[in-house]
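Below: one structure, written as structure tokens.
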Amino acid sequence: MTNPLFDALFGVHAGSQARFIETPDGRTIRYAEFLALVAQFANVIRDRGLEPGDRVAAQVHKSVEALALYGACVQSGAVFLPLNTGYTADELGYFVSDSGAALLVGDPAAAARLAPLAADLGAQFLTLGGDGGGSFAQEAAGKPRQADIAPRSRDDLASLLYTSGTTGRSKGAMLTQGNLLSNAQALVEHWRFTSADTLLHALPIFHTHGLFVACNVTLQVGGALVYLPTFDLDDVFRLMPKCTAMMGVPTFYTRLLSDPRLTAEATGNMRVFISGSAPLLAETHVSFAQRTGHTILERYGMTETNMNTSNPYSGERRAGTVGQPLPGTEVIITDPDTGQERSAEEIGSIEVRGENVFQGYWNMPEKTAEELRANGFFITGDLGKFDADGYLHIVGRSKDLIISGGYNIYPKEVELVLDEVPGVVESAVVGVPHADFGEGVLAVLVQGEQGAIDLDAVRDAVSGQLAKFKHPKRYVLISGLPRNTMGKVQKNVLRDTYATEFQL
Ligand code: MLC
Ligand code: AMP
């Protein structure tokens, strides 16, 4: 038995002196050097007593070492559980406890907070900093630069990625080696990646987009990453002439468009710009093409499914659509009530099936059964239609979800925190158009007769419990929420009422 994901993404580069990562300060890391680091990290995981299948939770800043930790989990057979660096200790405690992680790796600056949390939950704790330092790296430095490769199959879990849920509780999506590998292979072919590509990588590496789409595709072909800690426009424009491809959320593209440095010349070396994680406005697509001559290639994916559809590489990249199903993935539109398949041009629930689709939610068989049909189709919670030419249009969501700058926020999770604040009778959180983030989080608070809500107390409660990207960017106080005859809050009315709150 082998380890298919390790063999295809990492093992295949053994001894290669090809360039893998270039950092903005000019450091180059070659494949062989990266693999040695991966092996040293895998030795730490194994020597700490973790067995294949054990979970390694990591809340670490983006660094070469953070990516090596992913490789080390694949090599040692551990299940990699990356966590948004914005999560509060409250949020983190849930992920470590729910996953039963055997090891938590955190930022050295957060050690005083995280070490006791890990100890309480029975997990070991080590640190890894954005500069590559920390106790994990120190321990690794003394280890051999080669390590055993844990035998794994395509059906074994490679990663557990938490995604928020409509009830407020996050769910761990179980992704196997086969899920990740099949998708990386499909994307390489569809987007024509080769070892000659250099990807401008400015996404975080704790989500599907920045980790599995961007890094797995590059590793699969032996390409290079220009690896930026954040999406910094100065770095992006300085380094773009060295790059051939970029993957980003729509906010990347609107920010690029707002900068006079975006020209055909600045993007002259680029072969492809790919967008996803949130809807790309057709006007962004058109303006980008006018300014640069490049038509952005939009695709559609999810944590649970990796990538499902993509506009074509050659052929029309149709603005406002997410293209056609990727090879190996079936996409159907169904009646949300009956599950019956609908025809072209009819709007319905988007369902997907294929080797890319996850195995279910960790320890949540009921949730899994609600969303993953026995016939293998996953009910995405997105609404859409195919046009007559087979292009998928996403027209809305049946799930109550806000996507802000590519991050998902479930209103329920924020409402639960707001409702606990004294003086708040009830609350409704909605996403309204935001010039930079696509959607911005707006909270409507209902105050009682006793008097005004203390907004400072509200903000304190929110900052203590929720990651910053989930914080409402605007609060509105009213005396009652609009409801329909069934008593259900009419969020569409709130969205319409406050539609212009974030327009600059
Ligand atoms: C930062 N802030 C956000 C935010 N990002 N608020 C809402 N939504 C966001 N996405 C907060 C900051 O904390 C800050 O708060 C204020 O907003 C302004 O921040 P900024 O400096 O302008 O933001 P920046 O650091 O530049 O980050 C913006 C961003 C980043 C768009 C570059 O959010 C980002 O990298 N997003 C990508 C997310 C992603 O990878 N998604 C893929 C998920 S996978 P304050 O109070 O300090 O001012 C997936 C599947 C698929 O969806 O299909 O790919
Ligand atoms: P996540 O749960 O973070 O993986 O986010 C997945 C969700 O992002 C999907 O269910 C869609 O609602 C949304 N999404 C991803 N790509 C696109 C896209 N190109 N256009 C519109 N929505 C998208």
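The values are calculated or read from the model by the stated rules, or taken from the named source; none is laboratory data. Note that the coordinates shown come from a computational prediction; the quantities given were computed from them, not determined experimentally. We place every Cβ from the backbone using ideal geometry, glycine too, and count neighbours over all the protein chains shown. SASA here: full protein model, heavy atoms, side chains in, ligands and nucleic acids out. Shrake-Rupley method; radii C 1.70, N 1.55, O 1.52, S 1.80 Å.
Things to note:
- Selected residue (criterion: most open to solvent (accessible area, probe 1.4 Å)) from residues of segment 252-269 that are near ligand 1 (Cβ under 10 Å from one of its atoms) and not charged (D, E, K, R): Thr254
- Positions within segment 232-278 being within 16 Å of ligand 2 (Cβ to nearest atom), touching an Asp or Glu at 6+ places or on another chain (Cβ under 9 Å) and among the hydroxyl-bearing types (Ser, Thr, Tyr), in sequence order: Thr251, Thr254, Ser275
- Residue among Ala319, Ala289 that alone is out of contact with any helix residue (DSSP H, G or I) (no Cβ under 8 Å at 6 or more places or on another chain) and away from ligand 2 (no atom under 11 Å from the Cβ): Ala289
- Of all residues making up segment 189-205, the number that are under 19 Å from Ile21 (Cα atoms) and open to solvent by less than 20 Å² (accessible area, probe 1.4 Å): 9
- In segment 42-66, residue most open to solvent (accessible area, probe 1.4 Å) [restricted to those that are touching a strand residue (DSSP E or B) at 6+ places or on another chain (Cβ under 8 Å), assigned to a loop (DSSP other than H, G, I, E, B) and farther than 28 Å from Val226 by Cβ]: Arg48
- Residue within segment 168-180 that is open to solvent by 20 Å² or more (accessible area, probe 1.4 Å), within 29 Å of Glu370 (Cα to Cα) and modelled with pLDDT of 95 or more present: yes
- Looking at segment 117-229, the strands (runs of 3 or more DSSP E) lying wholly inside it that each contain 2 or more residues that are within 16 Å of ligand 1 (Cβ to nearest atom) and in contact (Cβ under 8 Å) with a residue 12 or more places away in the chain sit at 157-163, 171-176, 198-201, 224-227.
- Every residue from segment 310-343 that is within 18 Å of Phe377 (Cβ to Cβ) and of a type in the set (Gly, Ala, Ser): Gly328, Gly339, Ser343
- For segment 389-431, a residue qualifies if it is β-branched (Val, Ile, Thr), more than 15 Å from ligand 2 (Cβ to nearest atom) and surrounded by 16 or more Cβ atoms within 10 Å (Cβ to Cβ), and the qualifying residues are Val414, Val417, Val421, Val424, Val429, Val430.
- Flag for Met240 being farther than 30 Å from Val56 by Cα, open to solvent by less than 40 Å² (accessible area, probe 1.4 Å) and either within 15 Å of ligand 1 (Cβ to nearest atom) or of a type in the set (A, V, I, L, M) (or both): yes
- Contact annotation: residue pairs with Cβ atoms under 6 Å, 6 or more positions apart or on different chains, pairing a residue in segment 309-324 that is at negative phi with a partner that is assigned to a loop (DSSP other than H, G, I, E, B) and within 16 Å of ligand 1 (Cβ to nearest atom), are Thr309/Val322; Thr309/Gly323; Ser310/Gly323; Ser310/Leu326; Asn311/Gly323; Arg317/Asn311.
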